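Just so it is clear, none of the values below were taken in a lab; they were calculated from the coordinates. Quick caveat, the model's predicted, so the values are computed rather than measured. Methodologically, a virtual Cβ is constructed for each residue, glycine included, from the backbone with ideal geometry; neighbour enumeration extends over all protein chains shown.
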Amino acid sequence: ELKVEQNPLFLSMQEGKNYTIYCNYSTTSDRLYWYRQDPGKSLESLFVLLSNGAVKQEGRLMASLDTKARLSTLHITAAVHDLSATYFCAVEPNSGYALNFGKGTSLLVTP
Amino acid sequence: DAGVTQSPTHLIKTRGQQVTLRCSPKSGHDTVSWYQQALGQGPQFIFQYYEEEERQRGNFPDRFSGHQFPNYSSELNVNALLLGDSALYLCASTGTGGDYEQYFGPGTRLTVT
């Protein structure tokens, strides 16, 4: 069974600070996705990482993928309140079609 | 270009009843996946439909069934509803030609009382 572990699960950070969310997974995969979810809403795609060493950046968020270590990171730079949301990583195993999600990281950015 | 659409938006059912949720994929997409997201949890894969066949199924009981139509739209049916079936049900569609990303719809919030 594919396991996807995110940490931390809860993160409270001050505006202007940097932090990293980690996503570890237990099977071979070359496809990893990061999503954002606001309360009561659906999933908003942030990043699609398709190969080892992939790095993508959008605004204050940067995601990377290390398939050998089975690890992805989502780095937040100079956090602002608008980034407050729940962030999910999802892994698509090489042998299947289902996305396997982590439990999510609930991020709260405070003044 | 319309994205993934789902109906209804919200639904309240009584324990033991049956429910049908509907999904229309993004234009040009031929594969539909369904996920269940309980409150405070990550989405869980229910099943995926491709060419009107169930291609992969997650760890859900037979009470959960689905269908895909020739126009690629899909339905999720849940029989004998339990209180624990209360969740946000998300539909995602995928295209071909190298675009593997699953695009999610707005979801249907199902409440079972």
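Give the share of C-alpha pairs in each 10 angstrom bin for the protein assembly as shown, from 0 to the last occupied bin, in whole percents, shortest bins first.
8, 33, 35, 20, 5, 0
Straight-line reach from B:LYS26: which aspartates and glutamates have Cα under 17 Å away, leaving out those fewer than 8 places along the same chain?
Partners found: A:GLU44, B:ASP1, B:GLU51, B:GLU52, B:GLU75, B:ASP99, B:GLU101.
Within the set of other residues whose C-beta is less than 9 Å from the C-beta of A:TYR25, count the net charge using Lys and Arg as +1 and Asp and Glu as -1.
Summing Lys and Arg as +1 and Asp and Glu as -1 gives +1.
How high is the relative contact order of chain A, in percent, with contacts defined as C-alpha pairs under 8 Å that are six or more residues apart?
37 percent
Relative contact order of chain B, please, whole-number percent, based on alpha carbon pairs below 8 angstrom and at least 6 residues apart.
Numbers: 296 pairs, mean separation 41.3, N = 113.
That works out to 37 percent.
Considering only C-alpha atoms, what is the centroid distance from the stretch A:16-53 to the stretch A:55-99, in Å?
Centre-to-centre distance over Cα atoms comes out at 3 Å.
As an exercise, use a Förster radius of 35 Å and the Cβ-Cβ distance of A:GLU5 and A:MET62 to find the FRET efficiency, rounded to the nearest 0.05.
0.95
Restricting things to alpha carbons, tell me how big the stretch B:1-92 is in terms of Rg and Dmax, in Å.
So, for the stretch B:1-92, Rg and Dmax equal 12.8, 38 Å respectively.
What lysines does A:LYS3 reach when the alpha-carbon gap must be under 20 Å and sequence neighbours fewer than 8 apart in one chain are set aside?
Partners within reach: A:LYS68, A:LYS103.
So which lysines pass the test for A:LYS17, namely a Cα distance under 22 Å, with those fewer than 8 places away in the same chain ruled out?
A:LYS56
Counting only DSSP beta bridges with both residues in chain B, tell me the antiparallel percent, nearest 5.
On the way: 35 of 39 bridges.
Counting only bridges with both partners in chain B, antiparallel ones make up about 90 percent.
What is the spread of the Cα atoms of chain A along each of their three principal axes, largest first, in whole Å?
Each principal axis gives a Cα extent; for chain A these are 44, 29, 20 Å.
If all Cα-Cα distances of the stretch A:15-61 are sorted into 10 Å bins from 0 onward, what percent lands in each bin, rounded to whole numbers?
18, 48, 30, 3
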